[in-house]
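The values are calculated or read from the model by the stated rules, or taken from the named source; none is laboratory data. Just so it is clear, the model here is predicted, and its values are computed rather than measured. Using ideal geometry, Cβ is built from the backbone for each residue, glycine included, and neighbour counts are taken over all protein chains shown. The accessibility values were calculated without ligands, DNA or RNA, using every heavy atom of the protein model including side chains. Shrake-Rupley method; radii C 1.70, N 1.55, O 1.52, S 1.80 Å.
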Amino acid sequence: MCGILGQINFKQNVEINYNKFEIALNLQEHRGPDDSDILKKNNFIFGHRRLSIIDLDSHAKQPMVSCCKNYTLVFNGEIYNYQEIKKDLIEKGYIFNTSSDTEVLLNSYIEYGIKCVDFFIGMFAFSINDEVNDVSYIVRDRLGIKPLYYFNDCSKFIFSSEIKSILELENIDRKLNLNAISSYMSFRYPILNDTFFQDINSLAPAHYIKIKSEQIEIIEYWNVTDKFKEQSNDKGEEYYIVELRKILKSSVEYRMISDVPIGAFLSGGVDSSVITALMANNSNNPIKTFTIGFEEEGFNEFKYANVIANKYGTEHREIILSGKNYLETMENLIDYKDAPLSVPNEVPLYLMSKELKKHITVVLSGEGADEIFGGYGRIFRSPYDYERIKDIESLDLSNNEKEELCRNFIKKYLKDSFNDELEHFINIYSYTSFEDKQELLHKNIDLETIEEKLINKFMFYFNELKNESYYNKLMYTFEKIHIVGLLHRVDTTTMASSVEARVPFVDHRLVEFAFTIPVKYKLKWNNEKQKENSKLLMSDKISEIYDTPKYVLKKSYEDLIPDEILYRKKMGFPVPLNDWFGGHFNEYAKKLLLSHEAKERNIYNTKNIEKWLNSDRLSIDHSFAMKIWMLINIELFVKKYFQ
């Protein structure tokens, strides 16, 4: 795990300033505090900051050059199955000088070309310069676990693990990307493969960039759309349980391969508990586990985390935060992320990473299970709302029942119908509605044009599965969009403390398998009577009462995890925003968002924001407070990067 930076020149007269490059690379020292190196050749320069995880010897340092001197690699991440690949390459005659996965990646490319990525189980962002074929590749892993940003001005191509290095290396005319502001307010991050900086982009997961003779191609190398077709061949609940257990066991075991101490985030929820149990069963020594919460009552899950910690005899540590800790940390974390924070729990995740760095360097975390197994019950059950209203005339309901169903629908959605599945999805998935953005953001921002771009992004994914059910379209879109933002948050909060986070549920083998599982095993009705009793209710009144989200995962681990953990209601990671906005946080928000500087930016509608800040809803409505929290993040970010 590390930070990478590179510049590839298209023209001979483009200067490469070594000293400036070194300064830019060292801005990522937190990603790689153990070592650094730079390699400069005629038309490119690669730099690497190393966090030593596998093969701690200096011979494994990067950038790495092949024995024949024709291939140069710079790599961030882990190839977990490197030992199996290495064995195959040795049989083909390759000689290895290190025990690192970096050398395996390099020799895999020499043997298989860019198709080598098909063999990798892991997380990665890397670039290879191939002097034999006069081509360079920049590659990002299948699910977007590791970040990769780039800038291209037709004379050179710059890529980096973090945006700050690009800004330092290249004198870019900094312009705020308003598409990203609107996307952030609705979906918590820029979903158009862009960033908050015009001209700096993010390489999409499962894509690589090919640079040859000044020609740049962006190519997708992996997709799961075909996997959904296998759902029609229902193999039965027991089959899916056995396969899930086999793949997840392999995934956890791979992610425990390390030459430095490892541990686990343990929230007390299903996903982290399953991972902790599997780690404990695969280790002769106690697993180190960590949980975090707030001092305010009701804002931690220590009780549930302790159930698992005690059951598996882990070395468990609790970290307690206050609002004071929170505010002091927000600005620092924005500096690490080069973007506004997406959700309030990024701060506690970062503070927990700082604490656990005292004990471990690698941590396993439970991200990804909700997206592939249907864990967001209220959202993943919502196609049931849409389909009943769409087909209401054909339903076997009395007139009174139809009227009640319509009343419940209007109460939840504040309208009586939607034109199509996509319109319904945007309604339930947007954190900030288009109408609220019109109220909170400046009138000079062309929100209608931006909204069309954002909706077209979702439409593209819906069209990729146009013959599949609405349930599958929704889950596929979560895999393509939601999980990317989630993984970025994990990467930022851990790497800021020089900790490597590994995510077993985002093993591509498990993701592929999960999308072959019929929806009925993910969102399972408790019984036919309860399904009948829910026929007039909306998804928010159904989920976790009449059905079981993430059923197949929970059922798979009933032998390892107590029911009080498996089948309790989903809590998420709560942060007491409403409590804070009733006190000192409110004054902080007013001072920041109603300042002369903020008014002059033409980003906010400060008159309406002032009304929101004076509203009683701020201390009682989490969604209301969350939108103000997001505006605070935008302003802190803009002050830092654009003032």
**OP:** Please give the length that would be gained between ASP37 and SER258 if that part of the chain were fully extended, namely 0.36 nm times their separation in residues minus their C-alpha to C-alpha distance (nm, one decimal).
**Re:** 77.3 nm
Original post:
With charges only on Cβ, +1 for K and R and -1 for D and E, what is the dipole size of region 474-546 about its Cα centre, in debye, rounded to 20?
Top reply: 300
**OP:** Set the Förster radius R0 to 45 Å, insert the Cβ-Cβ distance between LYS411 and LYS453 as r into 1/(1 + (r/R0)^6), and round the FRET efficiency to 0.05.
**Re:** 0.90
**OP:** Distance check, please: which entries in LYS358/LYS541; LYS569/LYS627; LYS164/LYS457 exceed 32 angstrom between their Cα atoms?
**Re:** LYS358/LYS541
Original post:
For region 1-102, which whole-number percentage of the solvent-accessible area (1.4 Å probe, protein heavy atoms only) is attributable to carbon and sulfur atoms?
Top reply: 44
Original post:
Sorted by accessible area (1.4 Å probe), largest first, how do ARG174, ARG255, ARG601 line up?
Top reply: ARG174, ARG601, ARG255
Subject >> Helix 622-642 axis, angle to the chain major axis (alpha carbon atoms, nearest 10°) >> reply: 30
Original post:
Rounded to the nearest 10 Å², what accessible area does CYS68 show when all protein chains are kept and the probe is 1.4 Å?
Top reply: 70
Subject >> Net dipole in debye of region 498-643 [+1 Lys, Arg Cβ; -1 Asp, Glu Cβ; about Cα centre; nearest 20] >> reply: 360
Original post:
Given a 1.4 Å probe, how much area per residue of the chain is accessible, in Å²?
Top reply: 40
Original post:
Taking Cα atoms, how many degrees apart are the long axis of helix 399-413 and the longest axis of the chain, rounded to 10 and kept between 0 and 90?
Top reply: 40
Original post:
Helix 346-356: angle to the longest alpha-carbon principal axis of the chain, degrees 0 to 90, nearest 10?
Top reply: 50
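Do the sum for the chain: with -39,500 (n - 2.57) for every DSSP H run of n ≥ 4, divided by all residues, what is the mean residue ellipticity at 222 nm, to the nearest 500 deg cm²/dmol?
-12500 deg cm²/dmol
Quick one: pull the percent of accessible area on region 169-224 belonging to carbon and sulfur, 1.4 Å probe, ligands and nucleic acids left out.
Taking all protein chains in place, region 169-224 shows 38 percent carbon and sulfur surface.
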Original post:
How do ARG378, ARG388 rank by accessible surface area computed with a 1.4 Å probe, from largest to smallest?
Top reply: ARG378, ARG388
Original post:
Considering only protein heavy atoms, what is the solvent-accessible area of TRP222 at a probe of 1.4 Å, reported in Å² to the nearest 10?
Top reply: 30
Original post:
Rounded to the nearest 5, what is the percent of antiparallel bridges among the DSSP beta bridges in the chain?
Top reply: 75
**OP:** Just name one of ASN399, ASN26, ILE450: the one whose Cα is farthest towards the positive end of the charge dipole of the chain (beta-carbon charges, Lys/Arg +1, Asp/Glu -1).
**Re:** ASN26
Original post:
Hey, if you put +1 on the Cβ of every Lys and Arg and -1 on every Asp and Glu Cβ in region 257-353, which of ASN281, THR291, PRO261 ends up farthest toward the positive end of that dipole?
Top reply: ASN281
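Could you please state how large a percent of the accessible area of region 503-557 is carbon and sulfur, counting protein chains only and using a 1.4 Å probe?
Details: 840 of 1860 Å².
Carbon and sulfur together cover 45 percent of it.
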**OP:** Please state the charge dipole magnitude for the chain, taken about the Cα centre, from unit charges on C-beta atoms (+1 on K and R, -1 on D and E), reported in debye and rounded to the nearest 20.
**Re:** 380
Original post:
How high is the FRET efficiency between VAL65 and ASN325 when r is their beta carbon distance and R₀ equals 30 Å, given to the nearest 0.05?
Top reply: 0.10
**OP:** At 1.4 Å probe size, with no ligands or nucleic acids counted, give the accessible surface of GLU214 in Å², nearest ten.
**Re:** 100
**OP:** Give the residue from ILE95, PHE418, GLN643 lying farthest towards the positive end of the charge dipole for the chain; charges sit on Cβ (+1 for Lys and Arg, -1 for Asp and Glu) and the dipole is referred to the Cα centre.
**Re:** GLN643
